[in-house]
Amino acid sequence: MKIEEKVKYFINEHHLLDKDKKYIVALSGGADSVCLLLLLKKLHYQIEAAHCNFRLRGDESYRDEEFCVNLCHALQIPLHRIHFETKEYAHLHKISIEMAARDLRYSYFENLRKDIQAEGICIAHHQEDCVETILINLIRGTGIQGMRGILPQNGHIIRPLLSIKRKDIEYYLQENRQNYVTDSTNLINDVQRNKIRLDIMPMLKQLNAGVVDNIYSTAQHLTEANCIINDAIKKYLTQHSIFSENEDFGLHSGYQKIRTESIENFSSPEYLLYYILSNYDFSGSQIEQIYKNLHGKSGKVWKSNSYELLIDRENLIIKRRTEILDKTIKIPEPGTYVFDETSKVIINNIPIYKGFQPSKTTQIATLDADKVKMPITIRLAKLGDRFQPFGMKGTKLISDLLTDLKKNLFEKQQQLVIEDAKGNIIWVVGIRTDDRFKIDSKTTNILKVEII
């Protein structure tokens, strides 16, 4: 079967593309993406190209960009271009260059897709890419999902070339007398994927020339088996509510709670846990350790690239990974103040009125304004902080209060307090005010503090 026919069959078999809709081709200038561009044009799909210059290879990066410009001009295909400061992004987010480039390009592709109203983004992954991904997942530790390799479609990401090999791509380009550029960094075995491509794959091919076909075929069988297992899991998740969401965690910081009992009641609890946690970027080896510690000591934390997981009593608590900033703001007088990107603080000083009732809302505190010495400061709770809880005579450590209230580690880390100019904590935000600043029969003015 000709390469064009093979790709056409694969597209139709998996319902990947629609000729009435528009698609973006991720074009690097390398052999794979150039082949994809030519094939989709020849098969009469509506396509526009997108090229990312990551500014990582000096003149070579600009050579690749110029090649893409000239190629798209010759083929009369619209080209979208963008330049990234990849090293700065990686340093800022404390991630690898490889991960930074991935984040940047996929974010750009998705924004571009929305801007030009494209249906999807076509990526030039082929069979060897799929096999390399399976090997990487095996090395890291994986379940059946990781053994599936690269899927033909994942959301708006579409991979029409998974039915062909690298040698097919090179033959097709040679047959069409189409040149391409080579990324010199792909020829150096300095990162995991390159080591597998340059060192391990040639060794495996010496052992068995059909290794790519065999591993890819196994991946297809495992994909079918995974569908059967996932159907059983989805049915279980529908019948048993194991998630508990709370969007009022800390200050506008949502998290998800999973009951361990519901996990253990499934016929294959470890795989159910893998099914759930792999969606939060946790590796197979991490999930194995989490499973072993389901009834371990509370307070143990695991971190993936994007999320943190906490074992807290009989629950697993997951939240998006964010840097805990020691943000402190000083408020000199009544008014509206921005605390962070999602939160504002509103301070009002109002005369007491007949029928007034102290606030019972967790986001609002009402205090005796004359007892509070301005300016007030909003900050994270610190070890050793004390206050006199409303209704009590003695003082109490805030850490003890949070423990008594069964607050988990994540909640404790994000707990805010407000103190006055004398260093007295007047409000443990969202929980309790200080008894010394309560409104009584002598109060003439109310200090209303609201966090929204």
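The values are calculated or read from the model by the stated rules, or taken from the named source; none is laboratory data. Computed from a prediction, not measured in an experiment: that's the story for all the values here. A quick note on method: Cβ atoms are made from the backbone with ideal geometry, for glycine too, and the neighbour counts reach across all protein chains shown. Just so you know, the surface numbers come from the protein's heavy atoms only, side chains and all, with ligands and any DNA or RNA stripped out. Shrake-Rupley method; radii C 1.70, N 1.55, O 1.52, S 1.80 Å.
Summary table
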{"read-out": "Heavy-atom accessible surface of the chain: percent carbon and sulfur, 1.4 Å", "value": "49"}
{"read-out": "Cubic angstrom per residue, convex hull over Cα atoms of the chain", "value": "205"}
{"read-out": "The stretch 3-226: relative contact order in percent, alpha carbon pairs under 8 Å with at least 6 residues between", "value": "24"}
{"read-out": "N176-A232 FRET efficiency (beta carbon distance; Förster radius 60 Å; 0.05 resolution)", "value": "0.80"}
{"read-out": "Linear extension gain, V211 paired with S441, 0.36 nm per residue minus alpha-carbon span", "value": "74.4 nm"}
{"read-out": "Residues whose placed amide H lies under 5 Å from that of N315, excluding near-sequence neighbours", "value": "T260"}
{"read-out": "Vicinal HN-Hα couplings computed from phi for the stretch 72-85 (Karplus, 6.51 cos²θ - 1.76 cosθ + 1.60; Hz; Gly/Pro x)", "value": "5, 5, 5, 8, 6, 10, x, 10, 10, 10, 8, 10, 10, 9"}
{"read-out": "Probe 1.4 Å, protein heavy atoms only - accessible area per residue of the chain in square angstrom", "value": "54"}
{"read-out": "Label-point separation, Q413 to L43 (7 Å along Cα→Cβ), nm", "value": "4.5"}
{"read-out": "In Å², nearest 10: area of K6 left accessible to a 1.4 Å probe", "value": "70"}
{"read-out": "Efficiency of FRET from Cβ geometry, K114 and E333, R₀ 51 Å, rounded to 0.05", "value": "0.75"}
{"read-out": "Most to least packed among 260-269, 103-112, 427-436, 204-213 [average Cβ atoms within 10 Å]", "value": "427-436, 103-112, 260-269, 204-213"}
{"read-out": "Two-site FRET efficiency, Q153 against K354, from Cβ-Cβ distance with R₀ of 60 Å, rounded to 0.05", "value": "0.35"}
{"read-out": "Segment R259-I346, extension gain: residue separation times 0.36 nm, minus the distance between their alpha carbons", "value": "27.6 nm"}
{"read-out": "Average Cα contact separation per residue, the chain, under 8 Å, 6 or more apart, as relative contact order %", "value": "11"}
{"read-out": "Longest to shortest principal axis, alpha-carbon extents of the stretch 241-320, angstrom", "value": "36, 26, 23"}
{"read-out": "Spin-label proximity, S267 to the stretch 198-223 - amide N less than 20 Å from point 7 Å beyond Cα toward beta carbon", "value": "222-223"}
{"read-out": "Contour minus Cα-Cα distance for H93 and R140 (0.36 nm per residue)", "value": "14.7 nm"}
{"read-out": "Pair K448, K406: separation of 7 Å Cα→Cβ label points (nm)", "value": "3.4"}
{"read-out": "Per-residue [θ]222 nm for the chain (sum of -39500 (n - 2.57) over DSSP H runs n ≥ 4, rounded to 500)", "value": "-11500 deg cm²/dmol"}
